[in-house]
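Nothing in this text is a laboratory measurement; each read-out follows from the coordinates by a stated rule. All figures in this text were calculated on a predicted structure; none of them were measured in a lab. Positions of Cβ are backbone-derived with ideal geometry, glycine not excepted, and every protein chain shown enters the neighbour counts.
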Amino acid sequence: MLHTNLGINEKNHLTLAGVDTVSLAETYGTPLMVMDEERIRRNLRLYKDAMRRFFGEGSRPLFASKAFSCKYIYRVVREEGVGIDLVSSGELYTAVEAGFDVKNAFLHGNNKTDDDIRYAIECGVGHFVVDNLTELDRIDEIAAARGLVQPILLRLTPGIDPHTHAAITTGKVDSKFGIAIETGQADAAVAYTLKKRNVRLDGFHCHIGSQIFDVKPFCDAAALMISYIASVKKAFGYEAKILNLGGGPGVRYIESQPELDYAAFIEKIASFIDRETARYNLKKPEILMEPGRSIVADSCLTLYTVGGVKEIPGFKNYVSIDGGMPDNPRYALYQSDYTVCLASRMADKPDFLCTVAGRCCESGDLIQENVPLPRPNRGDILAVLVTGAYNYSMASNYNRIPRPAVIALRNGEAFPVIRRESFADLTRNDL
Ligand code: LLP
């Protein structure tokens, strides 16, 4: 199977963490997202242990909660002693509601409003990741009004192209995020920041993109950022304490993709950091990473019920399910790869090539094309694997379709973590 938490039981049903997914669909209804909590914890520990081991003391992961944000996940992450990356006041509010200590949070965003800045300072957010200098001015003023000094990182664009989907590339100079090193604007920003009295510059951040399988762009970014830290030290006498390398390590969605060994990935990046810090005679900074996808994606699958099968002779076959782009817009947006299977008939021969379509009034509402399945019947349970990252967090109510329920599995027991939306939820804000 694609991941070790997936299996097939004696009824030929798909299992996640040993639990029969078809019986979960019967109990909780579909569409249903099912999360394997042990897998999330395993992934968090893997990063935590490897980063401490290879990057040294103080180095640690921050879960990029944009991948999946709800009270439950902030509780799990807190229990594992891992920090978080936030991108909005809504995520911050959710974390606070979950009892997360936001001293361990880094707040991102390329357009933090004055309200965002005020709210985050009020909540005691540990670090702002500052994207531009107008934002910096406001943080400085608002912190001054409260008699505080706000710790920050500056977000820089190192000019690295990781060759992933264009929509999820972020580290190139031509990006809406961060301040470019190449243009000299980063130097000016550092000089400007160091003069501010109510912000404390703790270091730098970069993020090159997402779903990246090759370690080289990460090594290049790390080497470039270390050489930048050295040049800043020389020019301004300031030595960065923290280097945050962002998120991005790839996840296996389909058999032909590799399963990354994240510890080996980290070890390799560490060897570049060691080499470069030695070359410039720098103290090794605390290294932070912000994995999102690689923490939650493979913990989760989505279950749907098959409605109709439409065969168009000479063209293709469509299998319609009771969800689609409202709960998973990633194929519509990025033509993302997914593995799809018939959870209720895992032993049957997959000799029916089809397109899995959602129920929205839109032709682009597809989950995957060219999928080999046993010819489905109405009522069969269909599973889309590896849906933990950027599915629920990007879900919408398009066509007034309620968002699905999310349940988690722990020690073989299922429990709800996000309630299924009701029709009443859909009209709650309508006046
Ligand atoms: N840090 C920063 C500053 C980011 O912008 C991101 C992702 C991450 C960390 C986490 O990256 P990850 O480890 O999850 O690759 N909606 C798209 C992905 C957008 C990613 C945006 N930033 C998708 O569904 O593929």
- prompt: Of the cross-linked pairs Lys48/Lys284; Lys66/Lys112; Lys112/Lys283; Lys172/Lys233; Lys48/Lys216; Lys66/Lys283, which ones have a Cα-Cα span greater than 26 Å in the structure shown?
  reply: Lys112/Lys283; Lys66/Lys283
field: Rg to Rh, two decimals, where region 343-431 supplies the alpha carbon set and Rh follows Kirkwood
entry: 1.01
statement: Expressed in nanometres to one decimal, the distance between label points 7 Å along Cα→Cβ at Lys176 and Leu148 is 2.7
- line: per DSSP, antiparallel bridges as share of beta bridges in region 202-329, % nearest 5, sits at 35
message: Show me the ranking of peptides 107-113, 3-9 by mean Cβ neighbours inside 10 Å, starting with the highest.
response: 107-113, 3-9
query: Rounded to a whole number, what is D in µm²/s for the chain from Stokes-Einstein with the Kirkwood radius over alpha-carbon pairs (10 °C, 1.306 mPa s)?
result: 70
message: If neighbour count is taken as other Cβ atoms inside 10 Å, put Leu44, Leu243 in order from fewest to most.
response: Leu44, Leu243
statement: antiparallel share of DSSP beta bridges within the chain, to nearest 5, in %, is 45
query: Using the alpha-carbon atoms, what tilt in degrees (0 to 90, nearest 10) does helix 185-194 show relative to the longest principal axis of the chain?
result: 60
query: Which length gain, in nm to one decimal place, applies between Glu141 and Lys234 when the Cα-Cα distance is subtracted from 0.36 nm times their residue separation?
result: 30.6 nm
message: Running a GNM on the chain with Cα contacts under 10 Å, which residue among Phe68, Phe315, Phe213 ends up with the highest mean-square fluctuation?
response: Phe315
